[in-house]
Amino acid sequence: MRQPAPATEPDGGAIRNLVGSRPRTGSFSHDFKVAELIGRGGTAEVWRVIAADGREAAMKLATVESRKHPGAGLLIRHEYEVLRSVACDDVVEAYALVEHDSAPALVMEYLPHGDLVPLLGAAPEHWLPAFRSTAAALLAVHRCGFAHGDVKARNVLFAADGRARLVDFSAVCPLESPAVRSTPAYNVPAGLAPSARDADCFALASLLFELAVGRLPYGPAGATDVTDLPAIAACDPRAAPLLAAAVAALRAGGRVESPGYFLDVIELCMT
């Protein structure tokens, strides 16, 4: 969620590298200047920073309140390690793990062009490339043995080159672990006892439904019965096969083979 920048930046200007980095984009300076707050959640905040060579990056660290808990820094470190292990072009790139304000901070690719929310319900040519990238990103994450845990429109951001990236791996967990309860609108009903893998696929199906129709499949509170989908308003005919695939995955509680299911549907229906 974007918020206006505060009048002052975080206390303590020193940023110290904790882990050597080999970014896909080449060498990256660790001499950063904090510029502005660009996002804040319940336990973490993200700042835009500028490197000594002028390039922009995003720096994520636990909020001041969350830093009282030892686990907050461990989550930032874990997110860095997961991003480095996935290293997929459709996933936000991690540049370095540094120390700022005496806390671990994740420095990563800066994504300046907003999220998927403005494209919900638009013609499929506007959102299909981004959805394809999201499905490919999730497939890469699963192949590394992880589940994302919070797939949703606000966690797909656009880079400077216009391509979509899957972001926010703070809820990441082992693929076969019990599902993480994250954003209610995208959650599988708890009674289904889904795996984290199934929960990711259910959330991806919810996102595809939302893109095609312009609204969430079960509303903001999420599903209590996966078969109880409200009547579907007309959508762009070109998106109808994709919507049908999303509905089938939702009614199955996300139990599809993998995120590759959605890529196969795109290949079959949109070529």
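The values are calculated or read from the model by the stated rules, or taken from the named source; none is laboratory data. Note that the structure is predicted; figures quoted are calculated from it, not measured. A quick note on method: Cβ atoms are made from the backbone with ideal geometry, for glycine too, and the neighbour counts reach across all protein chains shown.
Annotations
- Residue in segment 49-83 that is farthest from P112 (Cα to Cα), counting only those that are touching a Lys or Arg at 6+ places or on another chain (Cβ under 9 Å) and without any contact (Cβ under 8 Å) to a residue 24 or more places away in the chain: T63
- For beta carbons closer than 6 Å, sequence separation of 6+ or different chains, a first residue in segment 119-135 that is more than 15 Å from L263 (Cα to Cα) and a second that is not in a helix (DSSP H, G or I), the qualifying pairs are L120/G214; G121/G214; A123/D236.
- Of everything listed in (1) exposed (fewer than 15 other Cβ atoms within 10 Å of the Cβ); (2) more than 21 Å from the chain's Cα centre (by Cα), the single unmet condition for E176 is (2).
- Residues that are over 18 Å from the mean Cα position of the chain (by Cα) and more than 28 Å from G219 (Cα to Cα) do not occur anywhere in segment 115-128.
- Contact map, segment 179-205: residues that are not assigned by TED's automatic domain parsing to the domain that holds G42 and part of a helix (DSSP H, G or I) paired with residues that are among the basic types (K, R) and surrounded by fewer than 20 Cβ atoms within 10 Å (Cβ to Cβ), Cβ distance under 8 Å, separation 6+ or inter-chain. Pairs shown: A190/R181; D198/R255; C201/R255.
- All conditions but one from (1) at pLDDT 80 or above; (2) under 16 Å from A103 (Cα atoms); (3) surrounded by 13 or more Cβ atoms within 10 Å (Cβ to Cβ) apply to N17; the one that does not is (1).
- Among the residues making up segment 34-46, those that are in a strand (DSSP E or B) and out of contact with any Phe, Trp or Tyr (no Cβ under 9 Å at 6 or more places or on another chain) are R40, A44, E45, V46.
- Of all residues making up segment 75-94, the number that are in contact with a Pro (Cβ under 8 Å, 6 or more places away or on another chain), aliphatic (A, V, I, L, M) and over 14 Å from R165 (Cα atoms): 1
- Within segment 114-135, the set of residues being within 12 Å of N155 (Cα to Cα) and part of a helix (DSSP H, G or I) comprises V117, A130, F131, T134.
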